[in-house]
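Below is one structure, written out as structure tokens; comments come after it.
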There are 2 protein chains.
Amino acid sequence: MSSPRTATIADVAKHAGVAVSTVSYVLSGKRAISATTRQRVLDSVRALGYHPNAGARALASKRAKVIALVLPLRAGMNLPVLMQFATSVVTTARQYDHDVLLMTADEGPDGLRRVAASALVDGMLLMDVEMHDPRVPLLRHLGEPSVLIGFPADREGLTCVDLDFARAGALCADHLAGLGHREIALLGAPSVVYERGTGFAERTLAGFVEAAGRHGVRAVTRPCEESFDEVCSAVRDLMDEHPGVSGLVVHNEAAVGHVLGALRVLGKRVPEDVSVVAICPDDVAERASPALTSVLVPAEDVGRQAVRLLMAKLDDHPVPQSTLLEPRLTIRESTQ
Amino acid sequence: MSSPRTATIADVAKHAGVAVSTVSYVLSGKRAISATTRQRVLDSVRALGYHPNAGARALASKRAKVIALVLPLRAGMNLPVLMQFATSVVTTARQYDHDVLLMTADEGPDGLRRVAASALVDGMLLMDVEMHDPRVPLLRHLGEPSVLIGFPADREGLTCVDLDFARAGALCADHLAGLGHREIALLGAPSVVYERGTGFAERTLAGFVEAAGRHGVRAVTRPCEESFDEVCSAVRDLMDEHPGVSGLVVHNEAAVGHVLGALRVLGKRVPEDVSVVAICPDDVAERASPALTSVLVPAEDVGRQAVRLLMAKLDDHPVPQSTLLEPRLTIRESTQ
DNA sequence: CCTTCCTGTCGAAGCGCTTCGACGACCTGG
DNA sequence: CCAGGTCGTCGAAGCGCTTCGACAGGAAGG
């Protein structure tokens, strides 16, 4: 049962009849090795099922080949997107031969410090960055390579990636305005998210308002809680106060379903009476009835891009300070 | 800017005026150290901001203090529960001074092999285990300490944890029968989940049917897809074919909201015409209207318990082969 | 034909930590 | 008062890997 002690590089060297360092150079490609030797070593590696010991490698090379993914896991986050994101980070990292250490934000800045100081990871990916995030100054100070998902207020010296939420908001307004709607509304995140100063919510709103203005369309916006009853009354109030609203943008994944339910209850048909555009993942939009015209949050792209940037930084390649990912609008049945 | 090379154990030893090994013993507690020396060392540790180098520690001690969390990230999984689970795993692991490496199942068995062979992790947690999971034999073979979330068909030599889904199903039936309902129905996971032979769906169903039988109540069950339209027709068909059904159990998180919408569309009032019990996280149940009587999937408990078991195994403590977590029914407004 | 320069390989020196055996110093009991 | 224990500490030997400098041997250049 007990495996016969996993093979070490010395075993491989002996098996191939070469020096330990030669094996290392074959595996890392850092020095030229003749084709025949290389092949012999590779064969031995396979024969013995050799995998380098991660600790030893990290110790000697000062590279752990692990990156940290710091997820928030706080109230008001939308989980499915997060999960998609995490998946794409792991997958992409593996393509670069790196693994992913999962951290939650509740260990706080100390967690970052610990992980950096112990050389457990080579760099980190931080999600759900706020405008005035306490981790940001620490990050600058630590000097660990890092990439942020989201934009803090002061971007100096950082590398940030995000969906271009302003464009997303604008895209929704453009679409509705293009369909001839003259008065449109945005139902956003729960108010707590705005209070926290999470950038993406504000940027969506700004983009929406700006685009509406550009088209000469009246725009109203309000936060949106996530229980059915609260969504219901929010929608009702909105319609009462602004009876002319015929286009609705929903930027709140948990509430999307409830908004449709609320409209049904109020006797509003979609899209005949009200057109609805959601900013959410495609599966949620497709699962709704009618299927929702939506702007996709490209979680996978963001994850992939973030990892790429981090890898570039690890290799000391220069990277742009900000990367904005283009949103994509998919027209389905909920707008006309 | 560049930190002055992070402190090593040698630095601490020098600063405290003791031998390196003494520092190590203070930190690990594996040998008796006088109170005064201990204090001096601890002070130096704090003064220098010392954190042991993870690689070196792993190399020397053969313990990485990292566990792997293998998530599925496949279709039909319900993400929020998964996320809660992941959070509780990370948090609990940290309490045991361990970190968590995130792996997706798509690297497959090779991923497990790699991670085990490279000693990157000391043990693993596998989620979403199927009845005939290909990873199970490998796991037995590798001899890495591991804990499974979910039950494969052959449990021999493994350690498994899960919610007692049979009890959960039974609890729902008990509750409805107790309220006097004589004909009840279970709306389950999408059919693909049953086809995959995922244990939890089948066990819920079995528990539900068994309990209904025990109470002399008629039970009907069917799988349930996740789009609003499909849910709608499933509910309509169900009601047409079994007009006597007055109690509904929904074991499908994504469909819960749609079921309520469907009943609303069909003119059925909840709970006056139909009582509804959901098996889902509390926040989903609370967010619905009316707030749903629900059986909680105690993702946090499962995560915590799984980590505890794994830690016990790492310390060579004996652990039970199966651990079933008791479900808890919360009565809200949707049943009468 | 001899220097100069690659190319391919090797040996050895760490990386920072844990752990084992050794060994004074001190206590205890006969 | 000394044999036999403890207790607290130290030094050194690795753990498995990377990487540096050295060095044969052959190619190229004068």
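The values are calculated or read from the model by the stated rules, or taken from the named source; none is laboratory data. All values reported here derive from a predicted model rather than from experimental measurement. Ideal geometry is used to build each Cβ from the backbone, glycine not excepted, and the neighbour counts take in all protein chains shown. Heads up: the accessible areas ignore ligands, DNA and RNA and are worked out on the full protein's heavy atoms, side chains in. Shrake-Rupley method; radii C 1.70, N 1.55, O 1.52, S 1.80 Å.
Using the alpha-carbon atoms, what tilt in degrees (0 to 90, nearest 10) does helix B:108-117 show relative to the longest principal axis of chain B? Long axis of B:108-117 versus the principal axis of chain B: about 20 degrees. Report the local net charge at A:GLY247: Lys and Arg +1, Asp and Glu -1, summed over other residues whose C-beta lies under 10 Å from its C-beta. The answer is 0. If you run the Gaussian network model on chain A, springs between alpha carbon atoms under 10 Å, then out of A:ASP315, A:ASP99, A:ASP301 the most flexible one is A:ASP315.
The dipole here belongs to region B:23-121: it is taken about the Cα centre, uses +1 on the Cβ of Lys and Arg and -1 on the Cβ of Asp and Glu, and is about 540 debye. Among A:ILE331, A:GLY244, B:GLN336, flag the residue with its Cα farthest along the positive direction of the charge dipole of the protein assembly as shown, charges on Cβ as +1 for Lys/Arg and -1 for Asp/Glu. Among A:ILE331, A:GLY244, B:GLN336, the one farthest towards the positive end of the dipole of the protein assembly as shown is A:ILE331. Cβ-Cβ distance of A:ARG182 and B:SER191, R₀ of 45 Å, FRET efficiency by 1/(1 + (r/R0)^6): the value works out to about 0.50. Rg over Rh of region A:165-297, using C-alpha atoms and the Kirkwood radius, what does it come to? Result for region A:165-297 is an Rg/Rh of 0.92. What percentage of the solvent-accessible surface of the protein assembly as shown, computed with a 1.4 Å probe over protein heavy atoms, is contributed by carbon and sulfur atoms? In the protein assembly as shown, the share of accessible area belonging to carbon and sulfur is 53 percent. Its residue count N sets the reference 2.2 N^0.38 Å, and the alpha-carbon radius of gyration of region B:258-306 equals 1.38 times that reference. When chain A is treated as a Gaussian network with alpha carbon springs shorter than 10 Å, the biggest mean-square fluctuation among A:GLY257, A:GLY17, A:GLY216 belongs to A:GLY17. Spin-label model, B:ARG214 to B:GLU156: label points 7 Å out along the Cα-to-beta-carbon direction sit 3.1 nm apart. Of all DSSP-defined beta bridges confined to the protein assembly as shown, some 15% are antiparallel rather than parallel. The magnitude of the dipole of the protein assembly as shown, with charges of +1 and -1 set on the Cβ of Lys/Arg and Asp/Glu and taken from the Cα centre, is near 3140 debye. Angle of helix B:199-215 to the longest C-alpha principal axis of chain B, folded into 0 to 90 degrees and rounded to 10: 50°. Annotation for B:ALA47 and B:HIS141: the two label points, set 7 Å from Cα along the Cα-Cβ direction, are 5.5 nm apart.
How high is the FRET efficiency from B:HIS132 to A:GLN39, r the C-beta distance, R0 41 Å, rounded to 0.05? Once rounded, the FRET efficiency stands at 0.55.
In nanometres and ascending order, the distances from the B:GLU326 label point to those of the other copies are 5.8 (point 7 Å from Cα along Cα→Cβ). Taking both sides together, the accessible area buried where A meets B is about 4200 Å² for a 1.4 Å probe. Across region A:157-169, rounded Karplus estimates of 3J(HN,Hα) from the backbone phi angles (6.51 cos²θ - 1.76 cosθ + 1.60, θ = phi - 60°) give x, 10, 10, 10, 10, 5, 5, 7, 5, 4, 4, 4, x Hz, Gly and Pro being marked x. Amide H contacts of A:VAL250: A:LEU187, A:VAL277, A:ALA278, A:ILE279, each under 5 Å away and 5 or more positions distant or on a separate chain (H built 1.01 Å from N in the peptide plane; Pro and chain starts excluded).
With its label point defined 7 Å out from Cα along the Cα-to-Cβ axis, B:LEU179 lies at 3.8 nm from the matching points of the other copies, in increasing order. A cut-off of 5 Å between modelled amide H atoms, ignoring neighbours fewer than 5 places along the same chain, links A:LEU101 with A:ILE67, A:ALA68, A:LEU69, B:LEU102.
The residues of the protein assembly as shown expose on average 42 square angstrom of accessible surface per residue, using a 1.4 Å probe on protein heavy atoms.
Computed about the Cα centre, the dipole magnitude for chain B is approximately 1800 debye when only Lys and Arg (+1) and Asp and Glu (-1) carry charge, each at its Cβ. Karplus-derived 3J(HN,Hα) values for region B:82-96, using 6.51 cos²θ - 1.76 cosθ + 1.60 with θ = phi - 60°, are 4, 5, 4, 4, 4, 4, 5, 5, 4, 4, 5, 4, 4, 5, 9 Hz; glycine and proline are entered as x. Would you mind checking the tilt of helix B:253-265 against the longest principal axis of the Cα atoms of chain B, expressed as 0 to 90 degrees and rounded to 10? Rounded to the nearest ten degrees, it is 20. If each label sits 7 angstrom from Cα along the C-beta direction, how far apart, in nm, is A:GLY108 from its counterparts in the other copies? Result for A:GLY108, in nm, nearest copy first: 4.5. With a 10 Å cut-off around each Cβ of B:64-72, the average count of Cβ atoms from other chains is 2. Using a cutoff of 8 angstrom between alpha carbon atoms and counting only pairs six or more residues apart, the relative contact order for chain A works out to 17 percent.
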